[in-house]
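Here the structure comes first, spelled out in structure tokens, and everything after it is commentary.
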Amino acid sequence: MRSGKLKIDLVCIGSCTNSSYVDMMKVAHILKGKTVDPSVSLAIAPGSKQVLNMIAENGALADMIAAGARILESACGPCIGMGQSPNSKGVSLRTFNRNFEGRSGTKGWSDLSGIT
């Protein structure tokens, strides 16, 4: 921590079980007009093909991509430890449904977070 702030290395938002259209719209609203710091990896996983199509049609997907997010397929992936592993000793902030030490293949610190 520097100056009372925690350095985040990886942010993963969404999964097949917890990223509804409403969740994705909240994320797009937060990111609109902003840029993710180059030292942070931001991955977003829409909950379904239907959600992906809806955010593509209304422009929210473009806002996420413009901010620097990587869009993942609506399928199994980081929740089960396939990809998007945090750096060893890195800090990962995730909304995935499975979140415990070593789940993503490294011993970095992870925090299960919600979108409110």
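The values are calculated or read from the model by the stated rules, or taken from the named source; none is laboratory data. Quick caveat, the model's predicted, so the values are computed rather than measured. In this analysis, Cβ positions are derived from the backbone assuming ideal geometry, glycine residues included, and neighbour counts consider all displayed protein chains.
The table that follows gives values for the structure above.
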read-out: Any hit, region 27-37, residues being of a type in the set (Asp, Glu) and in a helix (DSSP H, G or I); value: no
read-out: Filter result (modelled with pLDDT under 95 and part of a loop (DSSP other than H, G, I, E, B)) within region 52-79; value: Leu72, Glu73, Ser74, Ala75, Cys76, Gly77
read-out: Residue in region 33-51 that is surrounded by fewer than 16 Cβ atoms within 10 Å (Cβ to Cβ), modelled with pLDDT under 90 and not hydroxyl-bearing (Ser, Thr, Tyr) present; value: no
